[in-house]
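A.B. asks: Take a look at this one; I'll ask things after.
The values are calculated or read from the model by the stated rules, or taken from the named source; none is laboratory data. Bear in mind that the values here come from a model prediction, so they are computed numbers and not experimental data. Every residue, glycine as well, gets a Cβ built from its backbone with ideal geometry; the counts of neighbours run over all protein chains shown.
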Amino acid sequence: MQAVVPSEERVRRAVAVPPADPDLLPIVAARRRRRKLSVFEVTRHLFAAPAGTPELTARSPDLVQRSLRPLLARQADCLQLPTLALDAHCAAMNPRRAAFPDQLWDAPPTTPARRPDRVVIGWGGSHVHREDVRAVLPAIAGVMERHPEVELAVMAEAELRPLLDALPADRVAFTPWGSLASYYRFLEGIDIGIAPLAPTAFNRCLSDTRFIEYAAHGVLAVCADLEPYRDVVRPGETGYLFADAAELETVLERALVEGEVRAAIPARAGSRRPRAVREDDARSRPPLSLP
């Protein structure tokens, strides 16, 4: 039977497939028999591991578990992804895909005024980015040595705390990782937010959520010059990019010297508008259909 474009009602009733579970495969198959659509969301690279994590230990040793997410990506009627890099990564698995850039659910309240007598550089995240953070700490140390007004604030899991031992203890604040609300409160207390990423396959497929959160909370974003941030960070206008630790140090020096520029950039970044999927790209996709 020739494939047909589903009705608006069928699309409206399509459901997103939750995180990978072996029981989902027969459910997706049953839904297809009933002519119901199933959407599978892919939020990270399906095969690559974070930097510093041995590939064989980064994923489940169970071969079934390791192959489940790619299999679901192939079996679902379509995929939704947060980035074009992930879209390209999944191109061979499913011809029906759509990229929906990440957005904040609610705009945060007006950011309280920062203290004028200090500048707080901050980062918050999980142990997945241990090596990303480790790589830029020498740059942070150099900036702190030359600028006594600079402090560092980190919100992370306890296992990342030893990374900060070489920095001046009286100018480093460590906050244990908590809820999303507590992370947003943490952002209210920093002036410059860094987003270090090593150029790995895993990192290239991440979204730009960190930049969005920085911008929404009035934080100057200084981000790795990598796929997640290249399209949204316009250097000197909505933030800064850096290619390595040496360039990060240079960028931070510039931000510290140009105080008025440092204060103006987050306001421009915060007015950033959601991006739409390119129309010509959408036309090139096969219509969502069932046999």
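A.B. asks: Is the stretch 121-132 home to any residue that is small (Gly, Ala, Ser), under 30 Å from LEU252 (Cα atoms) and at pLDDT below 90?
C.D. replies: Looking through the stretch 121-132, none of the residues is small (Gly, Ala, Ser), under 30 Å from LEU252 (Cα atoms) and at pLDDT below 90.
A.B. asks: Condition first: among the aromatic types (Phe, Trp, Tyr) and more than 19 Å from LEU137 (Cα to Cα). Can you find one or more residues in the stretch 152-174 that meet it?
C.D. replies: no
A.B. asks: Another question, if that's okay. Could you list, in sequence order, the residues of the stretch 245-270 that are touching a strand residue (DSSP E or B) at 6+ places or on another chain (Cβ under 9 Å), charged (D, E, K, R) and farther than 23 Å from ARG185 by Cα?
C.D. replies: GLU247, GLU249, ARG254
A.B. asks: Return a yes/no flag: does the stretch 151-174 have any residue that is touching a Leu at 6+ places or on another chain (Cβ under 7 Å) and within 19 Å of PRO266 (Cβ to Cβ).
C.D. replies: Yes - at least one qualifying residue is present in the stretch 151-174.
A.B. asks: Another question, then. Go over the candidates GLU145, GLU149, GLU213, GLU159 one by one and state the one that is closer than 28 Å to ALA49 by Cα, surrounded by fewer than 16 Cβ atoms within 10 Å (Cβ to Cβ) and charged (D, E, K, R).
C.D. replies: That would be GLU159, the only listed residue that is closer than 28 Å to ALA49 by Cα, surrounded by fewer than 16 Cβ atoms within 10 Å (Cβ to Cβ) and charged (D, E, K, R).
A.B. asks: Return the total of residues in the stretch 66-121 being closer than 29 Å to VAL143 by Cα and in contact with a Phe, Trp or Tyr (Cβ under 7 Å, 6 or more places away or on another chain).
C.D. replies: Matching residues across the stretch 66-121 total 0.
A.B. asks: Please state which one of PRO70, PRO54, PRO50 is of a type outside the set (Phe, Trp, Tyr), at pLDDT below 95, outside the structural domain of ALA221 (by TED's automatic domain parsing) and within 30 Å of ALA216 (Cβ to Cβ).
C.D. replies: Matching residue, one of PRO70, PRO54, PRO50: PRO50.
A.B. asks: If we scan the stretch 164-179, do we find a residue that is surrounded by fewer than 15 Cβ atoms within 10 Å (Cβ to Cβ), in a helix (DSSP H, G or I) and without any contact (Cβ under 8 Å) to a residue 60 or more places away in the chain?
C.D. replies: yes
A.B. asks: While we're here: Scan VAL154, VAL133 and give me the residue that is outside any strand (DSSP E or B), surrounded by 13 or more Cβ atoms within 10 Å (Cβ to Cβ), of a type in the set (Val, Ile, Thr) and touching a Phe, Trp or Tyr at 6+ places or on another chain (Cβ under 7 Å).
C.D. replies: VAL133 is the lone residue from the list that is outside any strand (DSSP E or B), surrounded by 13 or more Cβ atoms within 10 Å (Cβ to Cβ), of a type in the set (Val, Ile, Thr) and touching a Phe, Trp or Tyr at 6+ places or on another chain (Cβ under 7 Å).
So that you can scan it fast, the table gives a plain yes or no per residue for (1) assigned by TED's automatic domain parsing to the domain that holds ARG97; (2) modelled with pLDDT under 95; (3) among the hydroxyl-bearing types (Ser, Thr, Tyr):
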position	(1), (2), (3)
LEU226	no, no, no
ASP231	no, yes, no
GLU237	no, yes, no
TYR240	no, no, yes
ASP244	no, no, no
LEU248	no, no, no
LEU256	no, yes, no
GLU260	no, yes, no
ILE265	no, yes, no
